[in-house]
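Below is one structure, written out as structure tokens, with a few remarks after it.
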Amino acid sequence: MIFRADLHLHSCLSPCGGLDMSPTAIVQRARECGLNALALTDHNTARNSPAWRDACRRCGMAHLFGMEVNTMEEAHILCYFDDLEAVMEFDRLIYDSLPCVRNDPVRFGDQVIVNVREEIEGEVEKYLHGAAGYSIAELTVLVHEMDGLVVPSHVDRDAF
């Protein structure tokens, strides 16, 4: 079996994602493209992970749970977990560390939580593209303590 994966995907929950990027839509499109493994890595959140799990299971897609965390140094770090409970606890820790800046959907984009049927269940109030309250070193220790994996993102760019 040939391994074809995309391990850096954003859904409609990330400020940069469109409303058409539900976990279900992403998994269906990935399957059409011949991918067989995926990771959802929304910016500073994992709240679409339950829908992600359900969409991947429906299609028989191998998957990881993840998050792209923006650290205090403004570095983007991909954090991967194989357990839904772990990523949801990680979500809580990261969200609590974000600055209390309210998202403005008109200026920054929608940040919606959806279910596997692509129904909007809520919106995240804090702006998700800001820096979390963890340094790269602190984040790495935290993720490893939670049995996760960290991978630097955007290593080919001058920013992030």
Checklist outcome for this item: Relative contact order as a percentage, region 17-78, C-alpha pairs under 8 Å and 6+ apart, gives 35
Checklist entry - What helices does the chain hold that run 18 Å or longer along their axis, going by alpha-carbon atoms, with a Kyte-Doolittle average of 0.0 or more, using DSSP H for the helix calls? => result 84-97
Checklist entry - For labels at residue 29 and residue 82 in the simple 7 Å Cα→Cβ model, what's the distance in nm? => result 2.8
Checklist outcome for this item: Taking placed amide H atoms and a strict 5 Å upper bound, the residues 5 or more places from residue 98 or on another chain that come that close are 133
Item to check | Order of exposure, largest accessible area first, which applies to 125, 68 with probe 1.4 Å | outcome: 125, 68
Checklist entry - Counting only protein heavy atoms and using a 1.4 Å probe, what share of the accessible area of the chain belongs to carbon plus sulfur, as a whole percent? => result 52
Checklist entry - Excluding ligands, DNA and RNA, what is the solvent-accessible area per residue of the chain at a probe of 1.4 Å, expressed in Å²? => result 51
Checklist entry - What distance in nm separates the simple spin-label points at residue 115 and residue 16, each placed 7 Å from Cα in the Cβ direction? => result 3.0
Checklist entry - Which one of 5, 105, 84 is farthest out on the positive end of the charge dipole of the chain, using unit charges on Cβ (Lys, Arg +1; Asp, Glu -1) and the Cα centre as origin? => result 5
Next on the checklist: Please compute, for the alpha-carbon atoms of the chain, the extent along each of the three principal axes and give them in descending order in Å.
Outcome noted: 38, 35, 32
Checklist outcome for this item: Kirkwood Rh over alpha-carbon pairs of region 67-160 plugged into Stokes-Einstein at 25 °C, 0.890 mPa s gives a D in µm²/s of 172
Item to check | region 111-160-region 1-30 distance, computed between alpha-carbon centres (Å) | outcome: 15
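The values are calculated or read from the model by the stated rules, or taken from the named source; none is laboratory data. All values derive from a computational prediction rather than experimental measurement. No Cβ is skipped: glycine too gets one built from the backbone with ideal geometry, and neighbour counts run over all protein chains shown. Keep in mind that these areas ignore ligands, DNA and RNA; they rest on the heavy atoms of the full protein, side chains included. Shrake-Rupley method; radii C 1.70, N 1.55, O 1.52, S 1.80 Å.
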